[in-house]
Amino acid sequence: MNRVKVAILFGGSSEEHDVSVKSAIEIAAHIDNDKYEPIYIGITKSGVWKLCEKPSVEWENGSCYTAVLSPDKQMHGLLVRKNHEYEIRQIDVVFPVLHGKSGEDGAIQGLFELSGIPYVGCDIQSSAICMDKSLAYIVSKNAGIATPEFWVIDTDDKTATDAFTYPVFVKPARSGSSFGVTKVGSADELDAAIELARQYDSKILIEQAVVGSEVGCAVLGNGAELIAGEVDQIRLKHGIFRIHQEAEPEKGSENAVITVPADLPAEERGRVRDTAKKIYKALGCRGLARVDMFLQDNGHIVLNEVNTLPGFTSYSRYPRMMAAAGITLPELIDRLIVLALKG
């Protein structure tokens, strides 16, 4: 039987490049090579596409060829440059293991749509909406889902510091993994936090802090047929959760403890799972997403953010939540590719 040809894209030009490489390394180690023929495409930080043997920390130093995905539907594959000539590599499905800008914001999904090649994960619209936290909040609010109170400022805006009560979070509206995020406790800290956020995005979100337990839920599936993984819970010792920016995340977070399943009654975990599915549907997600929420003492559940291509590293939350629900990483990879091929 011919194996399904899967183009696995990793790296990219966002601040989450290194995390993406780690995710691809895990997928390469766990994909079923009897069923799938993985074709690895690394994207450098400067945006150069290269066909390589396998993802690794030093992948650019190996034997690589220039390769691009053709937007021509008839070609349905990669253009690979070898010995000053181009050859076509047919592709059955794409697995974009890309995090952050150009990977989760609808940009790369647009190329997949032009190419006519099925792909793992959310489509253009849901990717763009979820990447922009303010848009995700607006759509979710209209679906009856609680969100933090928030304000948006653009590059030249001057915000009134009396509009909200401290503490607040200042965030790039369209970034991930806590890059550029600051918890602000007073007005004199605000300008510096905004300037930091502007290093990552021209659109800034100022978000009222929500008092509650940080919980998350992995969701898998298309349409009404959804599977929710086990709920996890983040307990912070100090600061904010930014494990992907730590020196040795494989050894655990420096300032947080992540519990899977969450230390909550079964009924509460069930409500979190149901709310995650509701958010997933409201935002038009498909394939997979990790839905992060706050569970307040009064039982209210408030949306934090939705990550449409969560990490697959050895320490990432999404695969750990699915594993706790009985879905191993090889099975998870298989299910995601099957969902993409079904459309």
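Taken together, the values in this text are just the output of simple stated rules run on the coordinates, not laboratory data. Quantities reported herein were computed from a predicted structural model and do not represent experimental measurements. In this analysis, Cβ positions are derived from the backbone assuming ideal geometry, glycine residues included, and neighbour counts consider all displayed protein chains.
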Cα-based equivalent ellipsoid of segment 1-55: semi-axis lengths in Å, sorted from largest, via gyration tensor: 22, 12, 7
Computed label-point distance, nm, for sites Ala192 and Ser56 using a 7 Å Cα→Cβ extension: 4.2 nm
Segment 64-154 - Kirkwood radius from inverse mean 1/r over Cα pairs (Å): 15.3 Å
Dipole magnitude of the chain about its Cα centre (Cβ charges: Lys, Arg +1; Asp, Glu -1), debye to nearest 20: 780 debye
Interatomic Cα distance distribution for the chain, bins of 20 angstrom, percent: 31, 58, 12, 0
Links that overshoot a 27 Å alpha carbon limit, given the list Lys45/Lys278; Lys50/Lys277; Lys237/Lys277; Lys171/Lys277; Lys54/Lys203; Lys45/Lys141: Lys45/Lys278; Lys50/Lys277; Lys237/Lys277; Lys54/Lys203; Lys45/Lys141
³J(HN,Hα) computed for each position of segment 80-96 - Karplus, 6.51 cos²θ - 1.76 cosθ + 1.60, integer Hz, glycine/proline x: 10, 9, 9, 6, 6, 10, 9, 10, 9, 10, 5, 10, 8, 7, 10, 10, x
Net charge over other residues, Cβ less than 9 angstrom from the Cβ of Ala218 (K, R count +1; D, E count -1): +1
Packing-based ranking, highest mean first, of 106-112, 170-176, 64-70 given that Cβ atoms within 10 Å are counted: 170-176, 106-112, 64-70
Relative contact order %, the chain, counting alpha carbon pairs below 8 Å whose residues are six or more apart: 17 percent
Using θ = phi - 60° and Karplus 6.51 cos²θ - 1.76 cosθ + 1.60, couplings along segment 64-78 (whole Hz; Gly, Pro as x): 10, 10, 4, 8, 10, 7, 6, x, 7, 4, 5, 6, 6, x, 9
Mean Cβ neighbour count within 10 Å, used as a protection proxy, ranking 319-325, 293-299 highest first: 319-325, 293-299
Rg(Cα) / (2.2 N^0.38 Å) computed for segment 34-102, rounded to two decimals: 1.13
With Cα atoms, 0 to 90° folded angle of helix 133-142 axis to the chain main axis: 70 degrees
Segment 1-136: relative contact order as a whole-number percent, Cα under 8 Å and 6+ apart: 24 percent
Alpha carbon centroid spacing (whole Å) that separates segment 72-97 from segment 201-222: 36 Å
For segment 256-304: relative contact order, % (alpha-carbon pairs under 8 angstrom, 6 or more apart): 23 percent
